[in-house]
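The values are calculated or read from the model by the stated rules, or taken from the named source; none is laboratory data. None of these values were measured; they are calculated from a predicted model. For neighbour counting, all protein chains shown are included, and Cβ atoms are generated from backbone atoms with ideal geometry for every residue, glycine included. Just the protein is used for accessible areas: all its heavy atoms, side chains included, with ligands, DNA and RNA removed. Shrake-Rupley method; radii C 1.70, N 1.55, O 1.52, S 1.80 Å.
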Amino acid sequence: MLLAWLTLCIIIGAAAILYLSVGHNASHGDTLVMPLDDVYIHFQYARVFAAGQPFRYNPGDPPTSGATSLLYPILLAVGYVIGFEGDRLALWAVGIGVLSWIGSTWLVFRLVSLPHLPSPSPRVERGSRSIAFWIALVIALAFAFSGGISWAFVSGMETGLMIFATLLTLWYMSRGDLRGTILAAILAAVIRPEGLVIAIGAMLFFAFRLPRRRWPILLLPLLAGLIQPLLNLILTGSATASGMQAKSYLYNVPFDWGVLVNNILGVIVRVWHEQLTGIDIDGVIYSTGLLFLIALAYIFIELRHSTRRGAGLLRPLRSSAGVIILWLLGLTAAVSILETAFWQFKRYQQPIYALLFVLTGWGLTTLLQRFRRLTIIPLLAAAALLIFSLTTFVPFVTYYGDNISEVASMQIPMARYVASITAPGTRIGVHDIGVMRYIGNRPTYDVVGLTTPGAARAWRNGPGAVYEAMRASPYRPKYFAIYDEPHGLSYFLYTDVFSFVNTMIDSTEPPHNVASAGHTQVVAFADWSRLQYDNDLFDPLAIKASKQLSPVDSINVAYLDEEDRHAYRWWQSVERPGFATEFYQMTTAEHLIRDLPDSGRLITGGEEMIISTRPNEDLLWVTRVHPRDEANLTLFVDGQFVATRVQPGGNGGEWIEISTLIPGRFITRTETRLRTEVAATDGFYMPYYHWFYQGHYLANTIATLPG
């Protein structure tokens with residue numbers, strides 16, 4: 001065991017030094033640059049935590065839930081407090097990762113070399129145990145050198161710590177150590193939300209072994225997993241982390257059950273197809289199908305053995321291998337709801353790979369025990385896995401350097417440039433928020449919504465909602481340092497929101513880029529001066545009519561807070577490509593106002609809203625639309641048909657406003673429900689603003705509003 005420990009420490013230490021050397025050379029003179037912007041999100045939360053403001057991204061801002069891990073920023077904050085400040089915090093983060101790497105590899109070795117393997121393995125004789133020892137050591141090395149796993153440990157993220165907590169839980173569970181299992185499961189549950197899957201499986205394992213009077217102790221890891229959602233609820237008003245709101249299929253807009261199920265099933269199929277082949281759709285090689293096939297064979301043996309002993313479908317949970325099956329299914333389910341399931345070299349899936357190595361080791365040891373004359377086969381299989389892992393290790397070291405170079409060449413210069421042209425305290429609009437905030441040391445507005453309150457929901461609704469949330473926010477940015485491509489951000493390039501582009505920095509275009517989200521970042525000054533116009537009518541007929549009346553209500557479409565206040569809802573009758581909201585800056589009809597910015601929705605079914613009204617008074621309903629597509633509109637008031645209108649098509653470069661006069665007899669309450677039903681042959685009905693005026697309208701002989 002001492003030989004194994006020293007061997008693993010020396011080899012992993014050498015591998016870590018190789019990674020760090022490549023990383024330092026790619027850092028362009030900095031202490032050590034991390035290969036992912038997300039690492040710097042954790043760094044920023046840790047820095048503010050160390051300053052006494054936990055869960056805040058910008059000091060003084062409200063708490064946010066952008067740090068998906070509860071424990072990891074706290075561990076980083078400890079490093080910050082003891083002197084790992086600034087870019088030196090990267091050394092502390094990698095130190096945590098390397099220790100997790102050594103600990104995880106040792107756990108793989110110990111799990112595979114257990115004297116009593118999970119059933120159905122019998123006690124093995126001395127000679128077979130010696131061979132099993134070497135199989136365990138080779139499998140541990142194959143795990144340590146697996147490209148994606150090794151990357152995870154030195155990436156600066158919490159992934160390596162999560163792998164360690166998963167294997168530690170399995171180790172204590174396999175030994176029947178209840179106390180150790182509970183502590184390890186608690187660790188897993190507070191590192192990442194999917195750690196709750198690990199906790200549930202481990203507690204079910206002991207539920208079959210403990211008397212019912214002791215079951216309450218099994219709730220401790222489950223309660224630990226609920227700490228973060230509870231804190232999120234108390235601090236932000238939502239139990240769901242902002243990362244989930246911004247990146248989960250569960251928050252698709254518009255929401256569609258069919259699309260949701262299709263997306264989830266697509267992720268599940270892809271996850272296990274790539275486990276079988278070892279290659280993802282981008283051509284990155286993670287493992288060999290041999291790993292998956294041996295693990296699958298062992299799972300089959302375990303399930304067959306459990307079924308023969310009766311006790312139904314729950315019988316497998318009495319064994320460690322059976323719990324691993326539950327974990328694999330649970331982790332796959334947790335990953336399947338994420339749009340980011342395959343991002344950053346599949347970091348959310350790395351615990352799955354770790355468990356497959358353990359299952360494979362158990363499978364080879366079981367083969368050794370049952371067919372003692374064929375010892376060469378499991379040895380060769382283990383050696384083949386090690387050789388294959390080494391072939392993936394070298395490319396991932398290269399990817400590490402490539403992506404560090406990307407951060408050092410693109411994102412860090414951008415952050416430093418912004419710091420050089422802005423005063424401290426200047427709010428910067430960002431997409432990738434980590435480097436810009438931590439290195440640039442300027443407060444940020446996060447358009448994705450991980451670290452800015454309420455912005456995640458707007459992000460899911462498209463660029464129009466992003467604009468409206470930003471224009472109304474007390475944290476509205478004065479500058480942007482942002483990619484112009486993701487999720488419709490290119491809309492802003494053609495408006496005064498990006499009024500003056502100071503500079504552009506291009507990506508280094510690494511072959512497998514996980515460090516940046518686009519080809520170019522731009523630094524632009526934001527001009528918000530035209531906001532004074534976008535709430536006003538401009539149509540001459542509507543303006544003349546409204547002077548007889550008084551305003552009673554209005555709805556700025558795509559501004560989600562205002563939509564909520566009016567119980568605004570919209571639906572699609574035909575699904576067509578496009579964002580839920582869009583944002584344009586265009587001239588008005590007759591060019592009365594040029595370059596008017598506004599945002600609105602793209603609708604094929606209809607919209608409905610509740611507005612404040614005065615009973616028995618005429619109602620003037622004015623709607624600003626984008627007349628790009630032709631659409632026929634049917635209007636209803638409290639369920640009664642009142643009029644038809646047409647959104648004229650063929651003019652995508654200017655706004656128009658459609659007026660409808662509704663006689664006072666239709667308005668009977670202080671709150672009135674209005675509804676528009678849409679018939680659009682090819683495109684969309686595109687409402688951007690609704691205004692409502694009431695009074696007693698007197699028809700003008702020169703220009704009379706349509707009823």
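Among the residues of segment 510-555, those identified as loosely packed, with under 15 Cβ neighbours inside 10 Å and part of a strand (DSSP E or B) are T520, S550, P551. Scanning segment 496-509 for residues that are in contact (Cβ under 8 Å) with a residue 40 or more places away in the chain and buried (at least 19 other Cβ atoms within 10 Å of the Cβ) gives a single hit, V497. Restricting to segment 455-477, name every residue that is within 20 Å of Q245 (Cβ to Cβ), touching a residue at least 60 places away in the same chain (Cβ under 8 Å) and surrounded by fewer than 21 Cβ atoms within 10 Å (Cβ to Cβ). R457, A472, Y475 - these are the residues of segment 455-477 that are within 20 Å of Q245 (Cβ to Cβ), touching a residue at least 60 places away in the same chain (Cβ under 8 Å) and surrounded by fewer than 21 Cβ atoms within 10 Å (Cβ to Cβ). Within segment 19-35, the residues that satisfy the criterion of being buried (at least 16 other Cβ atoms within 10 Å of the Cβ) and touching a helix residue (DSSP H, G or I) at 6+ places or on another chain (Cβ under 6 Å) are Y19, V22, G23, A26, S27, D30, L32, V33, M34, P35. Any chance segment 656-679 includes a residue that's surrounded by fewer than 20 Cβ atoms within 10 Å (Cβ to Cβ), assigned to a loop (DSSP other than H, G, I, E, B) and on the phi > 0 side of the Ramachandran plot? Within segment 656-679, not a single residue is surrounded by fewer than 20 Cβ atoms within 10 Å (Cβ to Cβ), assigned to a loop (DSSP other than H, G, I, E, B) and on the phi > 0 side of the Ramachandran plot.
Scanning segment 195-224 for residues that are modelled with pLDDT of 95 or more and not in a helix (DSSP H, G or I) yields no hits at all. Within segment 680-694, the set of residues being free of Cβ contacts under 8 Å to residues at least 60 places away in the same chain and either charged (D, E, K, R) or open to solvent by less than 10 Å² (accessible area, probe 1.4 Å) (or both) comprises just one member, D682.
Please determine whether any residue of segment 422-439 is touching a residue at least 60 places away in the same chain (Cβ under 8 Å), part of a loop (DSSP other than H, G, I, E, B), aliphatic (A, V, I, L, M) and closer than 30 Å to V625 by Cα. Looking for residues that are touching a residue at least 60 places away in the same chain (Cβ under 8 Å), part of a loop (DSSP other than H, G, I, E, B), aliphatic (A, V, I, L, M) and closer than 30 Å to V625 by Cα, one finds none in segment 422-439, hence no.
Here segment 169-227 is the region considered, the condition is being under 27 Å from the mean Cα position of the chain (by Cα) and of a type in the set (V, I, T), and the residue that is nearest to S113 (Cα to Cα) is T169.
Yes/no matrix, rows are residues, columns are (1) farther than 19 Å from S130 by Cα; (2) surrounded by 22 or more Cβ atoms within 10 Å (Cβ to Cβ); (3) of a type in the set (S, T, Y); (4) modelled with pLDDT of 95 or more:
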{"site": "T365", "(1), (2), (3), (4)": "no, yes, yes, no"}
{"site": "L374", "(1), (2), (3), (4)": "no, no, no, no"}
{"site": "L379", "(1), (2), (3), (4)": "no, no, no, no"}
{"site": "P395", "(1), (2), (3), (4)": "yes, no, no, yes"}
{"site": "N403", "(1), (2), (3), (4)": "yes, yes, no, yes"}
{"site": "T426", "(1), (2), (3), (4)": "yes, no, yes, yes"}
{"site": "Y438", "(1), (2), (3), (4)": "yes, yes, yes, yes"}
{"site": "T444", "(1), (2), (3), (4)": "yes, yes, yes, yes"}
{"site": "V447", "(1), (2), (3), (4)": "yes, yes, no, no"}
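From the list R576, R614, R628, which one is of a type outside the set (S, T, N, Q), modelled with pLDDT of 95 or more, part of a loop (DSSP other than H, G, I, E, B) and open to solvent by 10 Å² or more (accessible area, probe 1.4 Å)? Even if it seems obvious, please write down each step before you answer.
Values: R576 fails: modelled with pLDDT of 95 or more; R628 fails: modelled with pLDDT of 95 or more.
From the options R576, R614, R628, the qualifying one is R614.
Among residues that are charged (D, E, K, R), part of a strand (DSSP E or B) and over 22 Å from T681 (Cβ atoms), D598 is included. Scanning segment 381-402 for residues that are farther than 20 Å from I301 by Cβ and among the hydrophobic types (A, V, I, L, M, F, W, C) yields A383, A384, L386, I387, F388, L390, F393, V394, F396, V397. Scanning segment 240-295 for residues that are of a type in the set (D, E) and either open to solvent by less than 40 Å² (accessible area, probe 1.4 Å) or free of Cβ contacts under 8 Å to residues at least 60 places away in the same chain (or both) turns up E274, D280.
If you go through segment 71-79 one residue at a time, do you hit one that is in contact (Cβ under 8 Å) with a residue 40 or more places away in the chain, buried (at least 21 other Cβ atoms within 10 Å of the Cβ), within 22 Å of the chain's Cα centre (by Cα) and closer than 25 Å to P424 by Cα? No, that holds for no residue.
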